[in-house]
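The block underneath contains the structure these notes are about, expressed in structure tokens.
The values are calculated or read from the model by the stated rules, or taken from the named source; none is laboratory data. Owing to the predicted nature of the structure, the values given are computational and were not obtained by experimental measurement. Positions of Cβ are generated from backbone atoms using ideal geometry, with glycine treated the same way; all protein chains shown enter the neighbour counts. Accessible surface is based on the protein model in full, side chains and every heavy atom, while ligands, DNA and RNA are left aside. Shrake-Rupley method; radii C 1.70, N 1.55, O 1.52, S 1.80 Å.
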Amino acid sequence: MSDAAKRLPIDQAFASVSAKTATSRSRLEMILASGGDERIWPDPVTRRNCCGTPTPPAPDEIWFSSSTASAITERGYAAARDAFHRLSQEGADLTRWFDDIRARISAQFGAPGVEVVLTASGTEAELAALAVAKALFGRPIANIVVAPDETGSGVALASTGAHFAATAAFEPHVAKGAPLAGWEKDDVAMRRLEIRDASGRLRSPAEIDRSAGLAVADALRTGRAALLHLLDSSKTGRSGPGRAFARQIAASAGGRTLVLVDACQLRCSAEQIKADLADGFLVMVTGSKFAGGPPFCGALLIPLDKAEKLRGMRLPAGLAAYTTRCDWPKSFEGAFEAANFAPANLGMGLRWTAALAEIEAYFGIPARLREEIAMLFAESARRCVAGNPDLDFLDAECWRLGGRPATIFPILTHRGDPAQTRLIYDSLRASTGALNSPEYARVCHVGQPVVIGGRAVLRLCFSMPQANVVAERVAAGLDADAAFLPLRRDMELLFRKWGALAKRIGVNGGLTLAASNS
């Protein structure tokens, strides 16, 4: 690619955004909601996407929904606004800007030689990982996906190299379920590895490891290579198979097994991701879950030993619907010969810029204080659920996982009837309706309903932006308990509203929604 092609001015990459017809703020928000599929598009009436998040910040609403999505924070919005202003100046270099985003992600989670591929969401990171696996193996693949019902709705299709929705970031119409162009003749079989039984009971770690081993052995026996997912955190905060087992499998498979860590919730430590990369694992992350950035922004981290083998990699033509030249590091600049790939995804870059503002602030907090804030959150969650007879945790002792505080709390209302749970979810996000009372007018967000063993749960979630706000109050002179108090009060209000809705269902068997904000 020529030097001229590498330097891409903003008006060339996104010429459809007209300075004559939009203010700077509306242009920014238009681009923040661009570069993704229909999941990111704002509804013309509510001005919110399918996750219920608006494009600008919504600080007056209560956000405990980071397992699904959160509104962009004021810190993140300011970072995106500043970046957008700089890119609007004459001579701005988009390629250098995307390289800087990759460098900032690598500084937090990577190591020397690690390559970072930017993606429009975690699901697109699955497509990027599959492209890497195909290039490394050159043979049929068994893609062993852990708990696909507890990861993302499009993962099962993406894991086979198929379009996972009816639209894509750079193609308004694609055939959902059809293989990407260039992968039509490839043989990829998706194998499910469950972390729960049919009733929703958690399987033991040994049982999950054993099932993973059998799935890999079956793939190798039939002449396939194995792409083994290691789920760091599901939608309900659970994981599997174990990392020690994954290392053992990778070492014994003679180069025919590749481990892909799904850390899209980003709820493990940065040190753990660095260790995973040192073990030769691919790692998927996002900036829009625990990190609290706006949806959707993801990345695939490729360790040095794998990156060195990918210099001659070629991407299929169908991937041009999802990725751009600037999403990939310079070492992959020869990978785009199969199609006319778009130059850059500015919206995704701005979303990552917003997420990194929170990520870098979070890792600037002393580790001991981060742990203390998380423990205060977990204890407050335990107290709120214990104080409400209509609510219960899905899993026993879920507020502590592996000796550390949990950050996702799946909660049942009554027996977890899916229809009733959905009504409560919608009512929590309503300012009026089922509870027409000023006390409950504040909009409250939790993680979307997830059905586990026939029972639906809502998820109370902790996030980096919440920790950052508490840490700032500590830095201003408050002790941790006092600094955490506003967040505790928000949580208590959420549970009062939740409890009142649960009682209304218990009496009437249903709710009536008069109005909703999202």
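GLU171 meets the conditions (1) open to solvent by 40 Å² or more (accessible area, probe 1.4 Å); (2) free of Cβ contacts under 8 Å to residues at least 60 places away in the same chain in every case but one. The failed one is (2).
The set of residues from segment 295-325 being modelled with pLDDT of 95 or more and closer than 20 Å to CYS50 by Cβ comprises CYS297, GLY298, ALA321, TYR322. Considering only residues in segment 179-212 that are open to solvent by less than 30 Å² (accessible area, probe 1.4 Å) and aliphatic (A, V, I, L, M), the one that is nearest to ASP327 (Cα to Cα) turns out to be LEU180.
Yes/no per residue for (1) touching a strand residue (DSSP E or B) at 6+ places or on another chain (Cβ under 8 Å); (2) among the hydrophobic types (A, V, I, L, M, F, W, C); (3) assigned to a helix (DSSP H, G or I):
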residue	(1), (2), (3)
MET348	yes, yes, yes
LEU356	no, yes, yes
ALA374	yes, yes, yes
ALA381	yes, yes, yes
ASP395	yes, no, no
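So, in segment 419-433, how many residues would count as being open to solvent by less than 10 Å² (accessible area, probe 1.4 Å) and of a type in the set (A, V, I, L, M)? Quick ask: steps written out before the conclusion?
First pass over segment 419-433, keeping only residues open to solvent by less than 10 Å² (accessible area, probe 1.4 Å): 421, 424-425, 427-428, 430.
Still in the list and also of a type in the set (A, V, I, L, M): 424, 428, 430.
Total satisfying the criteria: 3.
Taking each residue of segment 459-472 that is farther than 14 Å from GLY76 by Cβ and looking for partners that are charged (D, E, K, R) and not in a helix (DSSP H, G or I) with beta-carbon atoms closer than 8 Å, six or more apart or interchain, yields ARG459/LYS235. Just so you know, in segment 278-296 the residues that are of a type in the set (A, V, I, L, M, F, W, C) and in contact with a strand residue (DSSP E or B) (Cβ under 6 Å, 6 or more places away or on another chain) include one that is farthest from ASP327 (Cα to Cα), and it is PHE281.
Sort out which residues of segment 430-470 are over 28 Å from GLY287 (Cα atoms), of a type outside the set (Phe, Trp, Tyr) and assigned to a helix (DSSP H, G or I), and write them in order of number. I'd like the intermediate steps shown before the answer.
First pass over segment 430-470, keeping only residues over 28 Å from GLY287 (Cα atoms): 431-441, 453-455.
The next check asks that each one be of a type outside the set (Phe, Trp, Tyr); those that pass are 431-439, 441, 453-455.
Answer for segment 430-470, where residues must be over 28 Å from GLY287 (Cα atoms), of a type outside the set (Phe, Trp, Tyr) and assigned to a helix (DSSP H, G or I): PRO438, GLU439.
Sub-6 Å Cβ pairs linking a first residue in segment 30-54 that is without any contact (Cβ under 8 Å) to a residue 12 or more places away in the chain to a second residue that is surrounded by 13 or more Cβ atoms within 10 Å (Cβ to Cβ) and not in a loop (DSSP other than H, G, I, E, B), at least 6 apart or interchain, are ARG47/PRO54, ordered by first then second residue.
Looking across segment 267-289, the residues that are open to solvent by less than 40 Å² (accessible area, probe 1.4 Å), touching a residue at least 60 places away in the same chain (Cβ under 8 Å) and not in a loop (DSSP other than H, G, I, E, B) come down to ALA270, ILE273, LEU277, LEU282, VAL283, MET284, VAL285, THR286.
When we screen THR236, THR222 for residues that are open to solvent by 10 Å² or more (accessible area, probe 1.4 Å) and either at pLDDT below 95 or in contact with a strand residue (DSSP E or B) (Cβ under 9 Å, 6 or more places away or on another chain) (or both), the only hit is THR222.
Would you pick out the residues in segment 114-163 that are open to solvent by 10 Å² or more (accessible area, probe 1.4 Å), over 20 Å from LYS235 (Cβ atoms) and not basic (Lys, Arg)? Of everything in segment 114-163, those that are open to solvent by 10 Å² or more (accessible area, probe 1.4 Å), over 20 Å from LYS235 (Cβ atoms) and not basic (Lys, Arg) turn out to be VAL114, GLU115, ALA135, LEU136, PHE137, GLY138, PRO140, THR160, HIS163. Return yes when ALA69 is under 30 Å from LEU304 (Cα atoms), small (Gly, Ala, Ser), open to solvent by less than 50 Å² (accessible area, probe 1.4 Å) and at pLDDT 90 or above and no when it is not. So ALA69 fails the test. Every listed requirement among (1) in contact with a helix residue (DSSP H, G or I) (Cβ under 9 Å, 6 or more places away or on another chain); (2) part of a helix (DSSP H, G or I); (3) over 30 Å from GLY200 (Cα atoms) is met by SER427 save one, (3). Evaluation of ALA79 against the conditions (1) over 18 Å from CYS326 (Cα atoms); (2) touching a Pro at 6+ places or on another chain (Cβ under 7 Å) shows that the sole unmet condition is (2). Against the conditions (1) touching a strand residue (DSSP E or B) at 6+ places or on another chain (Cβ under 8 Å); (2) buried (at least 21 other Cβ atoms within 10 Å of the Cβ); (3) of a type outside the set (Phe, Trp, Tyr); (4) farther than 30 Å from TRP498 by Cβ, ILE31 satisfies every one except (1). Here is the figure for segment 267-324: residues that are of a type in the set (Asp, Glu) and either under 20 Å from the mean Cα position of the chain (by Cα) or closer than 22 Å to PRO179 by Cβ (or both) total 2. Selection within segment 35-66: residues that are among the aliphatic types (A, V, I, L, M) and part of a loop (DSSP other than H, G, I, E, B). The member of this set that is most open to solvent (accessible area, probe 1.4 Å) is VAL45.
Could you identify the single residue in PRO410, PRO343 that is under 30 Å from ARG75 (Cβ atoms) and open to solvent by less than 10 Å² (accessible area, probe 1.4 Å)?
Numbers: PRO343 fails: open to solvent by less than 10 Å² (accessible area, probe 1.4 Å).
So the residue among PRO410, PRO343 that is under 30 Å from ARG75 (Cβ atoms) and open to solvent by less than 10 Å² (accessible area, probe 1.4 Å) is PRO410.
Taking the criterion of being part of a helix (DSSP H, G or I) and either touching a Cys at 6+ places or on another chain (Cβ under 9 Å) or among the aromatic types (Phe, Trp, Tyr) (or both), the only residue of segment 305-345 that qualifies is PHE332.
When GLY292 is tested against (1) at pLDDT 95 or above; (2) assigned to a helix (DSSP H, G or I), exactly one condition is not met: (2).
Meeting the requirement of 2 or more residues that are of a type in the set (Lys, Arg), the strands (runs of 3 or more DSSP E) wholly within segment 138-255 are 188-193.
When the criteria are applied in full, GLN466 fails the requirement of being open to solvent by 10 Å² or more (accessible area, probe 1.4 Å) and farther than 25 Å from ALA357 by Cα.
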